[in-house]
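K.L.:
Got a structure for you, written out below as structure tokens; questions coming shortly.
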Amino acid sequence: MTYIATNLFSLLYYMVRHGILNWGEQQRQHVELLKLRQQVARQQFFPHFMKNTLSALRALSRRDRARSIRCADLLTALFMYCVKNRDTRFVLLEEELEQVDRLLEIYSLRQDDSDIMLDIRMGLGISKKTSIPYMLLLTLIENACEYGICTDEHRPILVDIFCITPGSLTIRVMNWIPEVQKHNPAATGQGLKLLQDYVVALDPTNTICVEQAGQCFEVVITLHIVSF
């Protein structure tokens, strides 16, 4: 009986130890896979953003040299921000808002100095020191400016940033799209797919919901901030 008990204990010890090692290896592989997904998503995300934003410079260069020079300066500043944070997952909200200001000026130049109507509302517990995913807010607003109505004071781009639960952060962007869509050969519909890949790559439990009702277009992203 002693011999059997000893061998049984040894077998159980081996199984438990082997199981723990396997679990640890699986966790390590899961983390590495998540990092790889994030890297791939970011590599696709940034060029798409720059392609859309450069279209503003292309449009200006044909008709207004002074505005196109200013637009190029703003694009350079945006590019430097992106390069500086290329290995960063999260930035302060105030850093992202500074780039949003540059983006709005680019689209204002494109619209012959028309004001871009944007209303950002922050809920309780949200401040400019809140951490958010790098380039996420910037890209959401860029898409709203590129494909939606952005100069109508009665139909501004609305951005809400708030916490529903202590462990989550929600970003909601609502804008209006033209009743008659202008033909845009650069529009491929890839932007939303890349956005979804990026959000899920940050954390598989993150969610993104896209809805359209008439001319109203809404994107709601819920992030689990425990991973920040």
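The values are calculated or read from the model by the stated rules, or taken from the named source; none is laboratory data. Not measured: the values here are computed from a predicted model. Don't worry about glycine lacking a Cβ; one is built from the backbone with ideal geometry, like all the others, and counts go over all protein chains shown. In case anyone asks, the SASA skips ligands and DNA or RNA and just uses the protein heavy atoms, side chains included. Shrake-Rupley method; radii C 1.70, N 1.55, O 1.52, S 1.80 Å.
K.L.:
For a quick protection proxy, order the peptides 148-154, 91-97, 160-166, 198-204 by their average other-Cβ count within 10 Å, most packed first.
P.N.:
198-204, 91-97, 148-154, 160-166
K.L.:
Just tell me which aspartates and glutamates come within less than 18 Å, Cα to Cα, of Lys193; anything on the same chain fewer than 8 places away is out.
P.N.:
Glu142, Glu146, Asp203, Glu211, Glu218
K.L.:
Turning to a different aspect of this structure: Can you tell me the length gained on complete extension of the stretch Ile69 to Glu153, counting 0.36 nm per residue apart and subtracting the Cα distance?
P.N.:
Value of the extension gain: 27.5 nm.
K.L.:
Rounded, prolate or oblate for the range 84-170? Axes are the square roots of the Cα gyration tensor eigenvalues, ordered a ≥ b ≥ c, and the cut-off for rounded is a/c under 1.5.
P.N.:
Oblate.
K.L.:
If you don't mind, there's one more thing I want to ask. Which values, in whole Å and largest first, are the semi-axes of the equivalent ellipsoid of the range 89-228 obtained as the square root of 5 times each eigenvalue of the Cα gyration tensor?
P.N.:
25, 17, 14
K.L.:
Further question: Going from most exposed to least, what order do Met122, Met174 have by accessible area with a 1.4 Å probe?
P.N.:
Highest to lowest solvent-accessible surface, that is Met122, Met174.
K.L.:
Separate question: At 0.36 nm per residue, minus the direct Cα-Cα distance, what do Lys128 and Arg62 gain on full extension? Give it in nm, one decimal, please.
P.N.:
20.0 nm
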